[in-house]
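Here the structure comes first, spelled out in structure tokens, and everything after it is commentary.
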Amino acid sequence: MTRLQELEREVAAQRARAAASAPKPPPPKPPRVLDPSESAILKRVRRALAVTGRVVIWRNNTGKLPAIGRGGRSYPLRYGLGVGGADLVGLLKPSGRFFAIEVKTAIGKQSNNQKAWERAVVEAGGFYRIVRSAEEALEALDAATAAMEPVEP
């Protein structure tokens, strides 16, 4: 074996030792599954409630837009049922009882205005529930209609 071959063998052995002792990269992380957005949950909830035929439901968008009044003056034009209003409002069939659903993500929380709106609905005899999925919305519908059924003595 020539001196060059010996050096090549020695370099190859050093590289192999270095590769064996080098820290191994961590395994790739699984793809992150994002929680659905509130609007995605809202679409599913609205669809699930509508197909039951047990409630008439409407989307309650709330907010304000710039508007131009007399004399060209700008002012905020508010729309919806009011600040804090539920995302979905409707009437239970056949009773006509008011039905309100606030949709939240897994970590979403009610604002103070939404809490006040909930109190107003419940105090007036309506039904209000916070839901985080279509399944929870259907459970809320069951609870709302069960509360309206007469209780036998």
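Values as computed for the structure displayed
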| read-out | value |
| --- | --- |
| Among the residues listed as GLY71, GLY82, the single one being surrounded by 10 or more Cβ atoms within 10 Å (Cβ to Cβ) and more than 25 Å from SER133 (Cβ to Cβ) | GLY82 |
| Of all residues in segment 51-68 being surrounded by fewer than 14 Cβ atoms within 10 Å (Cβ to Cβ) and either out of contact with any strand residue (DSSP E or B) (no Cβ under 8 Å at 6 or more places or on another chain) or of a type in the set (A, V, I, L, M, F, W, C) (or both), the one that is farthest from SER133 (Cα to Cα) | ILE68 |
| Unique residue being out of contact with any strand residue (DSSP E or B) (no Cβ under 9 Å at 6 or more places or on another chain), assigned to a helix (DSSP H, G or I) and at pLDDT 95 or above when the list is ALA48, ALA18 | ALA48 |
| Restricting segment 104-148 to residues that are among the β-branched types (Val, Ile, Thr), within 13 Å of the chain's Cα centre (by Cα) and surrounded by fewer than 17 Cβ atoms within 10 Å (Cβ to Cβ), the residue that is nearest to GLY63 (Cα to Cα) | THR105 |
| Of all residues in segment 77-88 being part of a strand (DSSP E or B) and at pLDDT below 90, the one that is farthest from the chain's Cα centre (by Cα) | LEU77 |
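The values are calculated or read from the model by the stated rules, or taken from the named source; none is laboratory data. Small disclaimer: the values here were computed from a predicted structure and weren't measured. Heads up, the Cβs are rebuilt from the backbone with ideal geometry, glycines too, and the neighbour counts pull from every protein chain shown.
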